[in-house]
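Novice: Mind having a look at this structure? Questions to follow.
The values are calculated or read from the model by the stated rules, or taken from the named source; none is laboratory data. In this text, all values refer to a predicted model and were calculated from it rather than measured experimentally. Cβ placement follows ideal geometry from the backbone for every residue including glycine, while neighbour counts extend to all protein chains displayed. Side chains included, ligands, DNA and RNA excluded: accessible areas come from the protein's heavy atoms. Shrake-Rupley method; radii C 1.70, N 1.55, O 1.52, S 1.80 Å.
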Amino acid sequence: AQSVTQLDSQVPVFEEAPVELRCNYSSSVSVYLFWYVQYPNQGLQLLLKYLSGSTLVKGINGFEAEFNKSQTSFHLRKPSVHISDTAEYFCAVPVAGGTSYGKLTFGQGTILTVHP
Amino acid sequence: DAEITQSPRHKITETGRQVTLACHQTWNHNNMFWYRQDLGHGLRLIHYSYGVQDTNKGEVSDGYSVSRSNTEDLPLTLESAASSQTSVYFCASSSTSGMNTGELFFGEGSRLTVL
């Protein structure tokens, strides 16, 4: 089964600073990768996804991620964060390759806290 | 707009009681999932269904059951609640048609406390 590891449990950052949230995956098959965001007391929503093609993926709210096959990484970045980006972020991969029709394995989550 | 509705949003129960968490989706998705979220564990899959009358066990299925009698609903039942089942539960759905990407659509969660 595929798995993901989020390397940071908490990331504090000041407003307007850049941020990178790190995610590594383990897979020997074709990879689809996802980043989800969870705002306080809400469900998760899709931030961006990599299915194929360009390794640089752009998502909502100014976030982007780069798929790096050689390093088995899918790090999430934003050049300038806002207070409203404070949330928990999850990296996810299909359990058994392909899309698995939504049967995903999630990382442990990274809490991003943006300070004024 | 299509959505997933979970109820109740908050529930407190006692050890040994049976509890059912409801999930209703209007996306007309074939696939439905139940995850639990615990600090330090991310989300873990409990049960899932790929269609009516289909149910499958996930990573942490012990003590839980689901049934799928129609497309819209996948209730999650805790047969005899235990303190270890105190958690936040999320229902999600996904499509199998068209350009299926495996994207999940989530409800807002049900916070369960077992005393």
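Novice: What's the number of the only condition in (1) at pLDDT 95 or above; (2) more than 13 Å from chain A (Cβ to nearest Cβ); (3) under 26 Å from A:Lys49 (Cβ atoms) that B:His47 fails to meet?
Specialist: Among (1) at pLDDT 95 or above; (2) more than 13 Å from chain A (Cβ to nearest Cβ); (3) under 26 Å from A:Lys49 (Cβ atoms), the lone unmet condition for B:His47 is (2).
Novice: Test A:Ala92 against the criterion of being in a strand (DSSP E or B), touching a Phe, Trp or Tyr at 6+ places or on another chain (Cβ under 8 Å), touching a residue at least 24 places away in the same chain (Cβ under 8 Å) and within 14 Å of another protein chain (Cβ to nearest Cβ), and give yes or no.
Specialist: yes
Novice: So, one more: So if I check each of A:Val57, A:Val81, which one is open to solvent by less than 70 Å² (accessible area, probe 1.4 Å) and in contact (Cβ under 8 Å) with a residue 24 or more places away in the chain?
Specialist: A:Val81
Novice: Hand me the list of strands (runs of 3 or more DSSP E) wholly inside region A:10-68 holding 1 or more residues that are within 19 Å of A:His82 (Cα to Cα).
Specialist: A:10-14, A:19-21, A:33-38, A:44-50, A:56-58, A:64-68
Novice: So in region B:1-29, with the set limited to residues that are touching a helix residue (DSSP H, G or I) at 6+ places or on another chain (Cβ under 9 Å) and not in a strand (DSSP E or B), which one is most open to solvent (accessible area, probe 1.4 Å)?
Specialist: Looking at residues that are touching a helix residue (DSSP H, G or I) at 6+ places or on another chain (Cβ under 9 Å) and not in a strand (DSSP E or B), I get B:Thr15.
Per-residue answers, yes or no, for (1) surrounded by fewer than 17 Cβ atoms within 10 Å (Cβ to Cβ); (2) within 14 Å of chain A (Cβ to nearest Cβ); (3) at pLDDT below 95:
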| site | (1), (2), (3) |
| --- | --- |
| B:Gly63 | yes, no, no |
| B:Ser67 | yes, no, no |
| B:Glu72 | no, no, no |
| B:Ala82 | yes, no, no |
| B:Thr86 | yes, no, no |
| B:Phe90 | no, yes, no |
| B:Ser95 | no, yes, yes |
| B:Leu104 | no, yes, yes |
| B:Ser110 | no, yes, no |
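Novice: On to the next question. Here are some conditions: (1) closer than 28 Å to B:Met32 by Cβ; (2) surrounded by 15 or more Cβ atoms within 10 Å (Cβ to Cβ); (3) touching a residue at least 40 places away in the same chain (Cβ under 8 Å). A:Tyr39 meets all but one. Which one does it not meet?
Specialist: Against the list (1) closer than 28 Å to B:Met32 by Cβ; (2) surrounded by 15 or more Cβ atoms within 10 Å (Cβ to Cβ); (3) touching a residue at least 40 places away in the same chain (Cβ under 8 Å), A:Tyr39 comes up short only on (2).
Novice: Can you name every residue in region A:88-113 that is modelled with pLDDT of 95 or more and open to solvent by 10 Å² or more (accessible area, probe 1.4 Å)?
Specialist: Answer for region A:88-113, where residues must be modelled with pLDDT of 95 or more and open to solvent by 10 Å² or more (accessible area, probe 1.4 Å): A:Glu88, A:Ile111, A:Thr113.
Novice: Additional query: Please go through region A:6-26 and give me each residue that is open to solvent by less than 60 Å² (accessible area, probe 1.4 Å) and either over 15 Å from A:Val95 (Cβ atoms) or away from chain B (no Cβ under 14 Å) (or both), ordered by number.
Specialist: A:Gln6, A:Asp8, A:Val11, A:Val13, A:Ala17, A:Val19, A:Leu21, A:Cys23, A:Asn24, A:Ser26, listed by residue number.
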